[in-house]
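The values are calculated or read from the model by the stated rules, or taken from the named source; none is laboratory data. Since this is a predicted model, take the numbers as computed values, not measurements. Methodologically, a virtual Cβ is constructed for each residue, glycine included, from the backbone with ideal geometry; neighbour enumeration extends over all protein chains shown. These accessible areas exclude ligands, DNA and RNA; they are computed on the full protein's heavy atoms, side chains included. Shrake-Rupley method; radii C 1.70, N 1.55, O 1.52, S 1.80 Å.
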Amino acid sequence: MKDRKKHNVFVSWSTFFWCTLLVVFSSIIFTTLTFSPFLSFYHQEVFHPNTVLKWGSSEQKGKYDNSRPTIVVREIVMLPDQALIFLNYPPSFHFHSKHDLQCVYFNGDSSHFIEPPIKVDSNGLNGKIVRCSLHPNVYNMSLLIKSKVIVSTLDSSIHQWDPLVYEALLDRDNTTIVFVKGLNLRPERLDDPSRFQCIYGWDFTNDKFLLKSDVVSVAQEIIRCRTPTSILSGKTHTQAHDMKVSIKMEGKGIFPSIARPQYTPPKQKAHKMCVCTMLRNQARFMKEWVMYHTRIGVQRWFIYDNNSEDNIDIVIESLQGSGYNITRHLWPWVKTQEAGFSHCALRASATCEWVGFIDVDEFFNVKMKGNLHNVIMEYARAGSNVGEIRTPCYSFGPSGLKEVPREGMMVGYTCRLAARERHKSIVKPEALNQTLINVVHHFHLASPFVTVNVDNGVMMINHYKYQVWEVFKEKFYRRVATYVADWQQEHNVGSKDRVPGLGTKAVEPEDWSKRFCEVRDMRLRNWVLRNFRNRKTHLLPWQPEFENPIRRRRKMRKDKGHL
């Protein structure tokens, strides 16, 4: 396999600026800088969905010469509020942290300014994702390496978020699951597969070197394709730098793509009960949520991080260090919760018998004797066709509080609405319909699997939906669900997804702390205090102060050992 050709060009700032201007005016987004401290790309205001830049020829196939370490700008995706820069890092290359990088912005008047990136993350495949803020009237952006390390760049493509093929997985039935933004299909509706075709290749502009396959199903943002035999034969090898997959839609042509099919080998079902969630900036609530649910039977955690900025990675690493089986998966895609849950269901199917889909402010409240495993055995006995267990949700309010309760949600919030609000599901991954359709609260099942509803006397979900205003106002920023309007938008104002009478502005009502209080429910609070509170300090293990006495005792023992 031939190596990609490289062009050595030394570029001054003035030459860079005029070349950029020429490129923008000619509507071409293409740049190659070799041995330069700048990784550059261009932000176009007009985007043509059928134009896909060349990522690699059939002979090159995107391979890199590992004997000459280089950082590669693989792709750039322009989200509504930030830019994602995907970098390939050879394993031997020095990793640049957030403090080593700067996002450079160029204005129309030839001036520029610099900001630190929002975050730098690993995507698990010798790659990094750099997140930069976006600003109005910026026509050009660059990534500046602070260090003096000379790096080279290869051809990279820039894509607007909509339309885009953004993720792909190889399923165990030898199909490819493709996640697509821009299909604009209705929720819970099937589309005609004959209108679509799956395309595999390195260069979607060259029909000669493309593999094409039929589509099995189309629904919401997910397309299932028949995987070509040549792809299946190499599925045990990493696909990070190899072939991409896209879709061709009748009347729209081939969609831009950054998706390279990944394969998760089937494993033994090591866990009875797992949990998937998608979150953004929920780090301060993570310990309580994980510690409690582990106590009642959750064994494995899949955390889909939707562009958090609150050091949630540090919290998760701390939990991992304490023995919790929890992993963080980067999911930067905007308003794609349903697709993310389908993606998680596929990943979890390798090791989990049952998977619960709940948010960080939702807690299973088991009332029958035993834990979650006992509930599952009660409602899905061996030999039954039960594929989904639905649990009713009850929404709790601020309970008279005006500040975040120090003891956590379960102890602090004790007053709720009387009527149930929706439900959440625990599913058997093998029972899911091939379309993977879900509406966050539940999935569509394949025949002959059926759904059962849990009686609220056996188990319910305490949903701490309406917390103190400091926490609740964050809901106005952006909803993660695809088919649910953001709070600040004038859409579906009367929907149950909104708070009645609250409107579209993040303005605290005078009586907020007293709202949503119809039933005083102390059961879970009392159970938590009995089972988690330290008898000497009266602290709960998720409180920041809980570790202080432990650290002091360790220090005293260490000091005595040196005497």
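The dipole here belongs to the range 356-444: it is taken about the Cα centre, uses +1 on the Cβ of Lys and Arg and -1 on the Cβ of Asp and Glu, and is about 260 debye. All C-alpha pair distances within the range 306-464, sorted into 10 Å bins from zero, spread as 9, 32, 38, 19, 2 percent across the bins.
What is the sum of charges, Lys and Arg at +1 and Asp and Glu at -1, for the other residues whose Cβ falls under 12 Å from the Cβ of V519?
+2
Remark: spin-label model distance H94-D173 equals 5.0 nm, labels positioned 7 Å along the Cα→Cβ axis.
Solvent-accessible surface of the range 356-398, taken per residue with a 1.4 Å probe and all protein chains present: 33 Å². Remark: for residue pairs K181/K248; K212/K248; K212/K335; K212/K244, the C-alpha separation exceeds 21 Å in K212/K335. Give me the log10 of I(q) over I(0) for the range 402-478 at q = 0.11, 0.25 Å⁻¹, as the Debye formula computes it from C-alpha points; what are the numbers? Here the Debye-derived log intensity ratios amount to -0.46, -1.19. In the range 395-451, a dipole from Cβ-located charges (positive for Lys and Arg, negative for Asp and Glu) runs towards its positive end, and of G412, S447, S425 it is G412 whose Cα lies farthest in that direction.
Name the aspartates and glutamates eligible as straight-distance cross-link partners of K272: C-alpha to C-alpha under 19 Å, and not fewer than 8 places from it in the same chain. Output for K272: E353, E378, E388, E430. The Cβ shell under 10 Å around V468 holds other residues with a net charge of -1, Lys and Arg each +1, Asp and Glu each -1. If you take the alpha carbon atoms of the range 247-320 and fit the smallest convex hull around them, that volume is 166 Å³ per residue. Taking a ≥ b ≥ c as the square roots of the Cα gyration tensor eigenvalues, with a/c under 1.5 meaning rounded and otherwise prolate when a/b beats b/c, else oblate, which class fits the range 183-302? Judged from the Cα gyration tensor, the range 183-302 comes out prolate (a/c at least 1.5, a/b above b/c).
How much length is gained if the chain between S384 and E510 is pulled fully straight, taking 0.36 nm per residue apart and subtracting their Cα-Cα distance, in nm to one decimal? So the extension gain works out to 40.2 nm. Peptides 349-357, 166-174 ranked from most to least packed, by the mean per-residue count of other Cβ atoms within 10 Å: 349-357, 166-174. For the pair R422 and S122, label points projected 7 Å from Cα toward Cβ lie 3.5 nm apart.
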